[in-house]
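Worksheet: the structure to be examined is printed underneath.
What follows draws every value from the coordinates through simple rules; no lab data is involved. All values reported here derive from a predicted model rather than from experimental measurement. Because the Cβ atoms are built from the backbone with ideal geometry, glycine has one as well, and the counts that use them run over all protein chains shown.
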Amino acid sequence: MSLTSIIKGVQPEPFRLLIHGTEGIGKSTFSACAPDPIFIQTEDGLSQLDVPKFPLAESFDAVTDYLNDILNEKHDYQTVVIDSVDWLEKLAVQKVLEKHNDKTTLAEFDFGKGYAMLIPLFETIINLLNRLRRLRKMNVILIAHTRMEKVEDPNGSSYDQYAPRLDKRINGMMREWSDLILFASVEISRSTEKDGFKQRVIAKAVRDQSGNDRVLYLESTPAIVAKSRYPLPAKMPLDGASFFVTLWETIYGKQQ
């Protein structure tokens, strides 16, 4: 190794995107707008979406088999979508319990050892996804449902935050690995009005010029988990067609 191996300048690479949000917000439809996607479905919910997809994965090993098929077989797909990563976690739990058939839940393992067994399984998934990005130049999208989590702030009081519905260990791994974490939601405006001697809060959806009231948040706040390693706006419409054009131009430039 020498100074001649130093890399300079921006190095465009396929994106790693995690999107989370409530059921029915449009995460799968959004992901279907990515460049030439192929879906690995770990939950049964894509029957009405006309996209290339593998049969429903009923085991963790089926998912790794599908990823190996994409890695090793000839194809023109540019994006692999796992829908969803929280149901993939359920398959990982199932695999651990099948190996330790004297247990019925991970909570029965002492000292959190059951949950720790999920880590090497997800390391296998990340390794396969990294190989797809490096060897096949494929983008990755991970879809997750969301849940409200209690965050204990050492500098102040605790607060609730929308986060991917994953075990904290897996959550940390996937959040660190991803280039983008998008939170999909309906945009709500709140106002107050007097009701006698009291005030009540009025909440209503905020719609853009096209009538869309769904948005993507790309910047983390105390209320939501989100992030972006790219120079993108903190909030964008939940419109897959326009989002992926913008993302592609941000990574590779408009000439691509």
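As a rough footprinting exposure proxy, the listed residues F39, F109 were ranked by other beta carbons within 10 Å of their own, and the order from fewest upward is F109, F39. Net charge in the neighbourhood of S158 (other residues with Cβ under 13 Å of its Cβ; Lys, Arg +1, Asp, Glu -1) is -3.
Phi angles of region 26-43 translate, via the Karplus equation with coefficients 6.51, -1.76, 1.60 and θ = phi - 60°, into HN-Hα couplings of x, 5, 5, 4, 4, 5, 5, 7, 5, x, 6, x, 10, 9, 9, 9, 9, 10 Hz per residue; Gly and Pro are given as x. Stretched out straight at 0.36 nm per residue, the stretch from E13 to E249 would grow longer than its current Cα-Cα span by 83.7 nm. Close amide-amide hydrogen proximity is noted between R147 and A163, R165, each under 5 Å apart and 5 or more residues distant or on a separate chain (H modeled in the peptide plane; Pro and chain starts excluded).
Counting only residues at least eight positions apart within a chain, or on another chain, the lysines with an alpha carbon under 30 Å from that of K53 are K27, K74, K90, K95, K99, K137, K168, K227, K235, K254.
Note on C33/D76: beta-carbon distance plugged into 1/(1 + (r/R0)^6) with R0 of 22 Å gives a FRET efficiency of 0.85. By the count of neighbouring beta-carbon atoms within 10 Å, fewest first, T4, T105, T124 end up ordered T4, T105, T124.
A Förster distance of 35 Å, applied to the separation of the beta-carbon atoms of E176 and E98, puts the FRET efficiency at 0.80. Remark: region 15-252 is approximated by an ellipsoid whose semi-axes, taken from the C-alpha gyration tensor as √(5λ), come to 32, 25, 16 Å, largest first.
Given their separation in residues at 0.36 nm each and the Cα-Cα distance between them, S2 and D65 gain 18.8 nm when the chain is fully extended. Of all DSSP bridge pairs formed entirely within region 15-252, close to 50 percent run antiparallel.
Simple point charges give the picture: +1 on the Cβ of Lys and Arg, -1 on the Cβ of Asp and Glu, and for region 9-142 a dipole about the Cα centre of about 540 debye. When the Cα positions of P222, I70, L106 are compared along the charge dipole of region 15-252, P222 comes out farthest toward the positive end, with charges on each C-beta of Lys, Arg, Asp and Glu. Take every pair of alpha-carbon atoms less than 8 Å apart whose residues are at least six positions apart; their mean separation over the length of the chain yields a relative contact order of 23 percent.
A simple spin-label model places the labels of Y230 and T22 2.7 nm from each other, with each point 7 Å out along Cα-to-Cβ.
Cβ-Cβ distance of T221 and E152, R₀ of 22 Å, FRET efficiency by 1/(1 + (r/R0)^6): the value works out to about 0.85. Amide H contacts of R136 (H built 1.01 Å from N, in plane; Pro and chain starts excluded): no residue 5 or more places away or on another chain comes under 5 Å.
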